[in-house]
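What follows is a short report on a single structure.
Derivation of every value follows stated rules applied to the coordinates shown; laboratory data play no part. Everything numeric in this text was worked out from a predicted model, so none of it was measured. When we count neighbours, we look across all protein chains shown, and the Cβ atoms used for this are built from the backbone with ideal geometry, even at glycine.
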Amino acid sequence: MILMNDFKADPFEMTDAVMKSVERVITSGRYVLGPELEKFESSWAEFCQSKTAVGVANGMDAIELMLRSANVGEGDEVITTPMTAFASVLAIIRSGATPVLADIDSNTALLSIDSVTRCLSKKTKAILLVHLYGHIAKMDEWVSFCKANNLILFEDCAQAHMASLGGKVAGSFGLAGAYSFYPTKNLGAVGDAGAVVTSNEEMAERVRVLRNYGQSVRYCHPDAGMNSRLDEIQAAILSEKLKWLKVFTNQRRFIATQYNKRINNNFVDLMSAPEHEDAHVHHLYVIKSVCRDKLQNYLLNCGIQTLIHYPIPIHHQTPCLSLGRDPQGLIKSENHSKVCLSLPCHPHMTQNQIDKVIDTVNAFNGS
Ligand SMILES: *Cc1c(COP(=O)(O)O)cnc(C)c1O
């Protein structure tokens, strides 16, 4: 079976270094909020061209804490996309703010500025831009749109580690960016982990306080925070794996380039190419097909695992049925959810596996 992710195929050199780093932490006797976290935070901040990175427990908390640290909460509306992981929207709800859903651009499946414009109200405080599938686009337009409308720009970078446009990295365009290091992400821990990146030192300090019960100095709690710390073992593992992120990202791009060039089937449409190669890190390689479910079954029978990102748009999820949305509806998101299919695109795929995926997709005859 060709898998969507194949951690057992991680290079021995990396796994060996990861094991040694775990041993180092265990024997150090320091397990929470220690030197491994500080080390990872400073390398991740540098990587993200932000002044600071603050490690937290997961990507969803990173979004919630990013909003809270900027005083976005009750009474504020945050516009985002219904074509994302549920966590993006749940984090807005958890912050106390109200999510409002705008539609996507059908070529990229990314948030549409026109639709966001229709969602603006007096209460709109921020945009949560999701770099879906690892693709960042039109950042100049988003930055000026937010400036013109006096809105805060937040980035959900959970799928976009290392994506860059005009030399700027995901998470550095807006006030802050939220990262997830869930195992399947382009940089993944061995468990849950996340981070907020920002160049606003005041906000970073606020996240540090909020992730640790709202504690400023020991036993003093000026804020009702949460427990969302990133532990030393995961931080040490992330520092080791970070050394491989460039190589792995290049490999994802190599696979995507072959798919782009060689997938050719009347029942299959490709997504729009990025403005520039650096702008896409192919966390997911997504194709579209009007006979998506048949294609998925056929691929599975041929030994190829696929997934759907995402089969149910957020506004059809029970807790989100009454959320505000584009008055013209969210039709493009609905259509996308019916046709999208994610093919295996992980960095350990062999050339044989890449060829097999391409040949099998090309041989699909619609039934
Ligand atoms: C994975 C993901 C999240 C949530 O990250 P967790 O670490 O699982 O909490 C948020 N947004 C997007 C777009 C994601 O892909």
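Below, the figures for the structure above:
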item: Pick from region 45-58, criterion of a type outside the set (A, V, I, L, M) and out of contact with any Cys (no Cβ under 9 Å at 6 or more places or on another chain), ranking: nearest to Glu205 (Cα to Cα); result: Thr52
item: Within region 49-67, considering residues that are within 16 Å of the ligand (Cβ to nearest atom) and not in a helix (DSSP H, G or I), the one surrounded by the most Cβ atoms within 10 Å (Cβ to Cβ); result: Val56
item: Tally, over region 1-47, of residues that are in contact (Cβ under 8 Å) with a residue 24 or more places away in the chain and not in a helix (DSSP H, G or I); result: 13
item: Answer residue from region 73-84, given it is within 16 Å of the ligand (Cβ to nearest atom) and of a type outside the set (A, V, I, L, M, F, W, C) and is nearest to the chain's Cα centre (by Cα) among those; result: Thr84
item: Selection count, region 199-227, where residues are part of a loop (DSSP other than H, G, I, E, B) and either among the small types (Gly, Ala, Ser) or in contact with a helix residue (DSSP H, G or I) (Cβ under 8 Å, 6 or more places away or on another chain) (or both); result: 10
item: Flag for Ser367 being exposed (fewer than 12 other Cβ atoms within 10 Å of the Cβ) and either within 27 Å of Asp114 (Cα to Cα) or among the small types (Gly, Ala, Ser) (or both); result: yes
item: Complete set of residues in region 155-182 that are charged (D, E, K, R) and either surrounded by fewer than 21 Cβ atoms within 10 Å (Cβ to Cβ) or more than 20 Å from Thr81 (Cβ to Cβ) (or both); result: Lys168
item: Matching residues in region 228-237 - criterion: being outside any loop (DSSP other than H, G, I, E, B) and either within 19 Å of the chain's Cα centre (by Cα) or farther than 10 Å from Val56 by Cβ (or both); result: Asp231, Glu232, Ile233, Gln234, Ala235, Ala236, Ile237
item: Filter result for the condition that a residue is aliphatic (A, V, I, L, M), surrounded by 20 or more Cβ atoms within 10 Å (Cβ to Cβ) and more than 16 Å from the ligand (Cβ to nearest atom), over Ala102, Ala87, Ala70; result: Ala70
item: Some residue of region 183-195 being crowded, with 24+ Cβ neighbours inside 10 Å and away from the ligand (no atom under 11 Å from the Cβ); result: no
item: Residue pairs meeting the criteria (Cβ under 7 Å; at least 6 apart or on separate chains; first of a type in the set (Gly, Ala, Ser), in region 263-275; second crowded, with 17+ Cβ neighbours inside 10 Å); result: Ser272/Thr108
item: Among (1) within 16 Å of the ligand (Cβ to nearest atom); (2) more than 24 Å from Thr184 (Cα to Cα), the one test that Val268 misses; result: (1)
item: Check on Val286, touching a residue at least 60 places away in the same chain (Cβ under 8 Å), part of a strand (DSSP E or B), closer than 23 Å to Gly134 by Cβ and aliphatic (A, V, I, L, M); result: yes
item: Selection within region 123-157 - within 15 Å of Ala91 (Cβ to Cβ) and among the small types (Gly, Ala, Ser); result: Ala126
